1. Report the residue count in the range 94-121 for those that are open to solvent by 20 Å² or more (accessible area, probe 1.4 Å) and out of contact with any Lys or Arg (no Cβ under 9 Å at 6 or more places or on another chain).
2. Report, by residue number, each residue of the range 31-52 that is at pLDDT 85 or above, in a loop (DSSP other than H, G, I, E, B) and either touching a Gly at 6+ places or on another chain (Cβ under 9 Å) or crowded, with 16+ Cβ neighbours inside 10 Å (or both).
3. Return the residues of the range 218-233 that are part of a helix (DSSP H, G or I), open to solvent by 70 Å² or more (accessible area, probe 1.4 Å) and more than 16 Å from TYR204 (Cα to Cα); say none if nothing qualifies.
4. Please determine, by comparing only the residues of the range 13-30 that are assigned to a loop (DSSP other than H, G, I, E, B) and open to solvent by 80 Å² or more (accessible area, probe 1.4 Å), which one is modelled with the highest pLDDT.
5. Quick test for you: out of ASP266, ASP270, pick the one residue that is modelled with pLDDT of 90 or more, part of a loop (DSSP other than H, G, I, E, B), exposed (fewer than 13 other Cβ atoms within 10 Å of the Cβ) and more than 32 Å from the chain's Cα centre (by Cα).
6. Please give the number of the condition GLU236 fails out of (1) at pLDDT below 85; (2) open to solvent by 70 Å² or more (accessible area, probe 1.4 Å).
7. Restricting attention to the range 195-217, and to residues there that are open to solvent by less than 20 Å² (accessible area, probe 1.4 Å) and hydroxyl-bearing (Ser, Thr, Tyr), which single residue is nearest to GLN244 (Cα to Cα)?
Amino acid sequence: MASTSKCPYCGGVVRSDEQNCPHCGAANEKYVVDMPRTVFKPKTIDELKEYCAERGMPLLRMRFFIGEDYREAKAFGIYRDGRDVIVYKNKADGSRAIRYRGPDEEHAVNEIYLKLLDECHNRGIYPDGKPPEGSGSRSKKKRGSNAKTILTYVLCWILFLAFAVGIRSCGHSKDGYYSTGNGTVYYHYGSDWYYTYDDNSSGYWYEANSFPESNYTDYSLGDNWDSDWGVSDFKESSTWDAIQESERSDSSSSSDYDSWDSGGTDWDSDW
């Protein structure tokens with residue numbers, strides 16, 4: 001699953017599987033090639049639970065009840081009743097449709113597993129790996145039906161690029177060190193500023209509201225730290241460590257399932 005981080009140039013959110021920032025077009029320094037996920041097809045109820053847990057699926061929000069005989073409306077589920085395994089769907093009116101009842105656990109698990117994938121795919125989520133480019137009737141249909149959405153995205157992206165170029169032409173720049181020459185050195189990171197000074201024995205970098213000069217690019221010291229400045233290296237400071245830890249925490253808490261809406265499911269059909 002892709003993680004997210006802040007673009008160091010515009011501060012926008014960028015996914016690790018995006019080669020460029022979707023907001024300003026800058027190269028994503030944290031881009032990683034999305035390797036195909038090894039397909040793991042669960043065969044038992046316990047394996048299905050493990051499959052969902054590994055992918056961070058919020059099953060309650062998704063309305064899937066694995067190993068539970070859930071009786072409320074709008075639910076998919078599977079559970080064992082004696083020697084039988086039962087796969088069911090509780091419809092919007094509260095009535096239950098039985099998809100399978102029998103002793104074949106692998107078959108029963110496959111039934112609800114495929115339904116789980118179908119619900120994910122309908123929302124553009126692929127826990128079983130990304131769909132092949134240009135293949136599959138579902139993918140072609142989706143591309144055709146979303147032509148307007150794609151065009152809108154392209155236009156928005158062009159506007160973002162134009163906006164970013166405008167910002168740069170007004171004197172804004174990328175991350176790096178800056179100083180007005182008074183012994184205080186600033187570091188620009190994303191949309192934030194930090195500073196330290198030459199007699200600061202702690203080496204700590206403090207958060208600043210802004211750079212003291214509006215045309216700060218004229219005061220650039222470059223991207224790389226130089227010991228001749230008499231201050232500590234920002235990327236070796238505890239401040240930098242705290243920023244990175246915060247970003248890792250933000251990334252790990254994000255999920256493709258955060259926007260899941262069970263209202264997108266056809267709850268009136270039998271399956």
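1. Of the range 94-121, the ones open to solvent by 20 Å² or more (accessible area, probe 1.4 Å) are 94-96, 98-101, 103-107, 110-111, 114-115, 118, 121.
Okay, now just the ones that are also out of contact with any Lys or Arg (no Cβ under 9 Å at 6 or more places or on another chain), so 95, 100-101, 104, 107, 114, 118.
Here the count works out to 7.
2. From the range 31-52, those at pLDDT 85 or above are 41-52; that's our starting set.
Now restrict to residues that are in a loop (DSSP other than H, G, I, E, B): 41-44.
Within the range 31-52, just PRO42 meets the criteria.
3. Taking the range 218-233 as the starting set, the residues that turn out to be part of a helix (DSSP H, G or I) are 218-219, 227-229.
Pick out the ones that are also open to solvent by 70 Å² or more (accessible area, probe 1.4 Å) and you get 218, 227-228.
Correct list: ASP218, ASP228.
4. Of the residues in the range 13-30, the ones assigned to a loop (DSSP other than H, G, I, E, B) are 16-19, 21-26, 28-30.
If we keep only those that are open to solvent by 80 Å² or more (accessible area, probe 1.4 Å) as well, we get 19, 29-30.
Values: GLN19: 80, GLU29: 77, LYS30: 75.
Of everything passing the filter in the range 13-30, GLN19 is modelled with the highest pLDDT.
5. Numbers: ASP266 fails: more than 32 Å from the chain's Cα centre (by Cα).
None of the others qualify; the one that does is ASP270.
6. Here GLU236 clears every test but (1).
7. Checking each candidate, the answer is THR196.
Residue by residue, here is whether (1) within 21 Å of ASP266 (Cα to Cα); (2) at pLDDT 95 or above; (3) more than 30 Å from the chain's Cα centre (by Cα); (4) acidic (Asp, Glu) holds:
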position: GLY77; (1), (2), (3), (4): yes, yes, no, no
position: VAL85; (1), (2), (3), (4): no, yes, yes, no
position: GLU105; (1), (2), (3), (4): no, yes, yes, yes
position: ASN122; (1), (2), (3), (4): yes, no, no, no
position: SER137; (1), (2), (3), (4): yes, no, no, no
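The values are calculated or read from the model by the stated rules, or taken from the named source; none is laboratory data. Computed from a predicted structure; not experimentally measured. FYI the Cβ positions are ideal-geometry reconstructions off the backbone, even for glycines, and counts take in every protein chain you see. Just the protein is used for accessible areas: all its heavy atoms, side chains included, with ligands, DNA and RNA removed. Shrake-Rupley method; radii C 1.70, N 1.55, O 1.52, S 1.80 Å.
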